[in-house]
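Novice: Have a look at this one before I ask anything.
The values are calculated or read from the model by the stated rules, or taken from the named source; none is laboratory data. Not measured: the values here are computed from a predicted model. In this analysis, Cβ positions are derived from the backbone assuming ideal geometry, glycine residues included, and neighbour counts consider all displayed protein chains. Keep in mind that these areas ignore ligands, DNA and RNA; they rest on the heavy atoms of the full protein, side chains included. Shrake-Rupley method; radii C 1.70, N 1.55, O 1.52, S 1.80 Å.
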Amino acid sequence: MVRAGSIDTNLHDVGAGKPVLLVHGSGPGVTAWANWRTVMPELSRRRRVIAPDMVGFGFTERPQGIRYGLDTWVEHLVGILDAMELDRVDFVGNSFGGGLSLAFAIRFPHRVRRLVLMGSAGVSFKLTDGLDAVWGYEPSVPNMRKVMDYFAYDRSLVSDELAELRYGASIRPGFQEAFASMFPAPRQRWVDALASTDQDIRAIRHETLILHGRDDRVVPLETSLRLNQLIEPSQLHVFGRCGHWVQIEQNQGFIRLVNDFLDTED
C-alpha cells in the first residue's frame, strides 16, 4: 500500500531493473492481480513490475465524493509514479487501462519511455454489446458468466468456478457501488470520454506496441488499427482465435512480444 497523492493505493511491486507499470481494465470486480497474475512472474524476471489497483477498483481507497473520470485516473497515475519515486517508466495498458496510458503519455510525455496498448480504448468507437454488458453489470453469478463469455474467445476458459470467484470479488464492500457510478447508461458517452483526440495521438513520439485479439467482442479490432495509423512509431500484432483476454488466451505470445519490445534500447 502506498500513498499516491491523497489516495491509499494497493499495488504489486515485483522484480528489479527498468520499471514497467501495468494498468488494468475496467471489468466488474477487477483488480491488478486478477488482470495481470498470469504475466507478472515472467515479466518480473527481467524488470521491475508495478501493477496498481486504480482508484475505484480493487483494494485501493475509494475517497468519499470522488468523481471518476479520465482526469482523476491520470492524476492517480502521476501520484503512483511520484510515490514510487519513478521519473520515467514503460506502460502496459489493457483496455480501459490502455486509454489511461495513452492519455498519460500525451499529457506527460517525459515520464513515459515505451507504450504497450492491449485491446485498448483511447479512440472513439461504437459501443459494443460486450462493453455494454461489462459496464452495465449487476451482481449475480449468471451475469458474471455472461460478461466473462464476452471476454474469452475460448469459452472453456470461463468455468462456473471462475464465474463464482469473480462474482465474489465484485460484491466485496464498496466494489459494486463505485463500479456502478463510473459508467451509467447511456454508455457511449464513456467510450468517448476515454478517447484522446486524433491530433494528440498523432503527436505521440513514443515507440508503441499495439496488441489485439482478432475476435475481441468488447473493444473492436478497429480501435487498434486506428491507433496504429495515428501513432507513427507503432507496430501492431493481431492474435487470431483470441478475444479480449490477450494476456490469458495468448499468454506466451504476449510475454514474448512485450519482453522483446521493452528490452529494446531507445
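Novice: Just wondering, is there one or more residues in segment 47-69 that are among the hydrophobic types (A, V, I, L, M, F, W, C), part of a helix (DSSP H, G or I) and farther than 23 Å from Gly130 by Cα?
Specialist: no
Novice: Collect the residues in segment 127-161 that are part of a loop (DSSP other than H, G, I, E, B), closer than 16 Å to Asp215 by Cα and open to solvent by 50 Å² or more (accessible area, probe 1.4 Å), keeping them in residue-number order.
Specialist: Tyr153, Asp154
Novice: Quick one: in segment 66-93, of everything that is of a type in the set (Val, Ile, Thr) and surrounded by 23 or more Cβ atoms within 10 Å (Cβ to Cβ), which residue is nearest to Asp263 (Cα to Cα)?
Specialist: Val92
Novice: Let me ask something else. Quick check on this structure: which one of Pro28, Pro19 is touching a residue at least 24 places away in the same chain (Cβ under 8 Å) and under 14 Å from Ser170 (Cα atoms)?
Specialist: Pro28
Novice: Does Gly99 satisfy being assigned to a helix (DSSP H, G or I), crowded, with 24+ Cβ neighbours inside 10 Å and not polar (S, T, N, Q)?
Specialist: yes
Yes/no per residue for (1) of a type outside the set (Asp, Glu); (2) open to solvent by 10 Å² or more (accessible area, probe 1.4 Å); (3) touching a helix residue (DSSP H, G or I) at 6+ places or on another chain (Cβ under 9 Å); (4) under 13 Å from Ser120 (Cβ atoms):
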site	(1), (2), (3), (4)
Leu227	yes, no, yes, yes
Glu232	no, yes, yes, no
Phe239	yes, yes, yes, no
Cys242	yes, no, yes, no
Trp245	yes, yes, yes, no
Ile248	yes, yes, yes, no
Asn251	yes, yes, yes, no
Leu257	yes, yes, no, no
Asp263	no, yes, no, no
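Novice: Taking Glu85 and the conditions (1) in contact with a Pro (Cβ under 7 Å, 6 or more places away or on another chain); (2) more than 21 Å from Val219 (Cβ to Cβ), which numbered condition does it fall short on, given that it satisfies the others?
Specialist: (1)
Novice: Pro52: under 26 Å from Leu165 (Cα atoms), out of contact with any Cys (no Cβ under 8 Å at 6 or more places or on another chain) and open to solvent by 10 Å² or more (accessible area, probe 1.4 Å), yes or no?
Specialist: no
Novice: Taking the condition at pLDDT 95 or above, within 22 Å of Asp263 (Cα to Cα) and either aliphatic (A, V, I, L, M) or surrounded by fewer than 23 Cβ atoms within 10 Å (Cβ to Cβ) (or both), does Pro63 pass?
Specialist: When the stated conditions are applied, Pro63 does not pass them.
Novice: For segment 3-26, give me each residue that is hydroxyl-bearing (Ser, Thr, Tyr) and either within 18 Å of Thr264 (Cα to Cα) or not in a strand (DSSP E or B) (or both).
Specialist: Ser6, Ser26 - these are the residues of segment 3-26 that are hydroxyl-bearing (Ser, Thr, Tyr) and either within 18 Å of Thr264 (Cα to Cα) or not in a strand (DSSP E or B) (or both).
One line per residue, one yes/no per condition, for (1) out of contact with any Lys or Arg (no Cβ under 9 Å at 6 or more places or on another chain); (2) at positive phi; (3) open to solvent by less than 20 Å² (accessible area, probe 1.4 Å); (4) not polar (S, T, N, Q):
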residue: Asn10; (1), (2), (3), (4): yes, no, no, no
residue: Asp13; (1), (2), (3), (4): no, no, no, yes
residue: Pro19; (1), (2), (3), (4): no, no, no, yes
residue: Thr38; (1), (2), (3), (4): yes, no, no, no
residue: Pro41; (1), (2), (3), (4): yes, no, no, yes
residue: Ser44; (1), (2), (3), (4): yes, no, no, no
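Novice: Could you list, in sequence order, the residues of segment 145-163 that are in contact with a Leu (Cβ under 9 Å, 6 or more places away or on another chain) and in contact (Cβ under 8 Å) with a residue 24 or more places away in the chain?
Specialist: Tyr150, Phe151
Novice: Can you find a residue that is in a loop (DSSP other than H, G, I, E, B) and under 16 Å from the mean Cα position of the chain (by Cα) anywhere in segment 71-84?
Specialist: Looking through segment 71-84, none of the residues is in a loop (DSSP other than H, G, I, E, B) and under 16 Å from the mean Cα position of the chain (by Cα).
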